[in-house]
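The values are calculated or read from the model by the stated rules, or taken from the named source; none is laboratory data. Everything numeric in this text was worked out from a predicted model, so none of it was measured. Glycine also receives a Cβ, built like all others from the backbone with ideal geometry; neighbour counts cover every protein chain displayed.
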Ligand SMILES: C[S@@+](CC[C@H](N)C(=O)[O-])C[C@H]1O[C@@H](n2cnc3c(N)ncnc32)[C@H](O)[C@@H]1O
């Protein structure tokens, strides 16, 4: 069975008042806890109290509250947690938003007859007496990922087990967060194309020219720079437009430009690279994608080979721009992730590489724009 630990996401346990949402959600969370997963339990009623009750009980307020709740869920899931939330808020627009914005989201509808719910309510919360049209306040889920008849045949633990089995079967490791059209549109503009400081300092400090693999070569200035100095260069970029521009501009160059990612060339160049260069790419990747990339980097390096990275730092002013979707993750015109030095170092170490040096560098961004603050890391595969 796949471990839920590796499957962050959101399980929304929903239903009308008296359907048993809080009880079942608490059992799901207990099971997660027992399996060693990073589970978080949230409850709609408790969240209302925590927020200080700015939301009323009319439809508009309930929808607004739903967006806040699920934005919070998404933020926590982005930290690798499996979030279980017990909440009513059954509105089509909320469900659509969740499906579009939360990786590994499922809605679980606990269906209980009106009579049964009213009997339960009379023994417990007594909300049906206070609000006449409670059922009409919500849209009964028509497309729930899982519907459980929760009228007494199943125990709360059995319902929770069903939910987790379903989640494990459906959830996938964190999917790609890159917004692909961004780079295609970016390269359609005339962006500057000069060798980076990093490329220049590496070329000076490295011994004889060898094999370089560049990941995310953009318009190819660094790749061409190394090729001119006698390196055998393979440069990959997932943007077709970028690679077409590189090929057209470097018709005479020896650079082997490829459309794709490091995964596409890892087998072909296994154990052969003296240097891997990866500049301004990690910020386009989720934590999970970055881990895959670093595993592939390790695979292509020869023993003693080096990895040179520059990536966006949390000290960069852009880190505070756009919309927060996770710790250090923003949606600006595209997905971006800003990191601390500690986070990059530990990701590199987890991939089996040794961190040789780290520093912060400031790079001009263009006229009147604040400088870009990058983390520069040199790492190596022990010889
Ligand atoms: C900001 S540009 C950096 C270009 C160049 N390395 C530089 O520093 O100027 C990021 C590039 O990474 C590419 N990219 C994003 N994710 C990638 C991936 N997983 N593998 C390869 N290229 C990727 C994009 O298409 C884009 O060209």
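Confirm whether residue 343 is closer than 24 Å to residue 102 by Cβ, in contact with a helix residue (DSSP H, G or I) (Cβ under 8 Å, 6 or more places away or on another chain), away from the ligand (no atom under 13 Å from the Cβ) and not in a strand (DSSP E or B). Even if it seems obvious, please write down each step before you answer.
On the way: closer than 24 Å to residue 102 by Cβ: yes; in contact with a helix residue (DSSP H, G or I) (Cβ under 8 Å, 6 or more places away or on another chain): no; away from the ligand (no atom under 13 Å from the Cβ): yes; not in a strand (DSSP E or B): yes.
No: the conditions fail for residue 343.
Report those helices (runs of 4 or more DSSP H) wholly inside segment 223-311 carrying at least 3 residues which are away from the ligand (no atom under 13 Å from the Cβ) and surrounded by 17 or more Cβ atoms within 10 Å (Cβ to Cβ).
On the way: elements: 240-249, 262-265, 287-300.
Once the helices (runs of 4 or more DSSP H) in segment 223-311 are filtered for at least 3 residues that are away from the ligand (no atom under 13 Å from the Cβ) and surrounded by 17 or more Cβ atoms within 10 Å (Cβ to Cβ), what remains is 287-300.
Quick check on my filter: what residues within segment 179-214 are away from the ligand (no atom under 12 Å from the Cβ) and surrounded by fewer than 15 Cβ atoms within 10 Å (Cβ to Cβ)? Give the derivation first.
First pass over segment 179-214, keeping only residues away from the ligand (no atom under 12 Å from the Cβ): 188-190, 200-212.
Once the filter is applied, which keeps residues that are away from the ligand (no atom under 12 Å from the Cβ) and surrounded by fewer than 15 Cβ atoms within 10 Å (Cβ to Cβ), segment 179-214 yields 188, 189, 190, 200, 201, 204, 205, 207, 208.
From (1) surrounded by fewer than 20 Cβ atoms within 10 Å (Cβ to Cβ); (2) touching a strand residue (DSSP E or B) at 6+ places or on another chain (Cβ under 6 Å), pick out the condition that doesn't hold for residue 320.
The one condition residue 320 does not meet is (2).
Have a look at 173, 192 and point out the one that is under 30 Å from residue 77 (Cα atoms) and at pLDDT below 95. Can you show your working first?
Values: 192 fails: under 30 Å from residue 77 (Cα atoms).
The match here is 173.
Go through (1) out of contact with any strand residue (DSSP E or B) (no Cβ under 6 Å at 6 or more places or on another chain); (2) under 25 Å from residue 186 (Cβ atoms) for residue 350 and report which single condition fails.
With respect to (1) out of contact with any strand residue (DSSP E or B) (no Cβ under 6 Å at 6 or more places or on another chain); (2) under 25 Å from residue 186 (Cβ atoms), residue 350 is out only on (2).
When you scan segment 180-222, how many residues do you find that are farther than 18 Å from residue 376 by Cβ, in a loop (DSSP other than H, G, I, E, B) and within 31 Å of the chain's Cα centre (by Cα)?
Number satisfying all stated conditions: 8.
Based on this model, can you work out whether residue 108 counts as closer than 30 Å to residue 291 by Cα, modelled with pLDDT of 95 or more and either part of a helix (DSSP H, G or I) or in the same structural domain as residue 20 (by TED's automatic domain parsing) (or both)?
When the stated conditions are applied, residue 108 does not pass them.
Can you name the condition, by its number, that residue 7 falls short on among (1) more than 18 Å from residue 166 (Cβ to Cβ); (2) in contact with a strand residue (DSSP E or B) (Cβ under 7 Å, 6 or more places away or on another chain)?
Going through the list (1) more than 18 Å from residue 166 (Cβ to Cβ); (2) in contact with a strand residue (DSSP E or B) (Cβ under 7 Å, 6 or more places away or on another chain), residue 7 breaks only (1).
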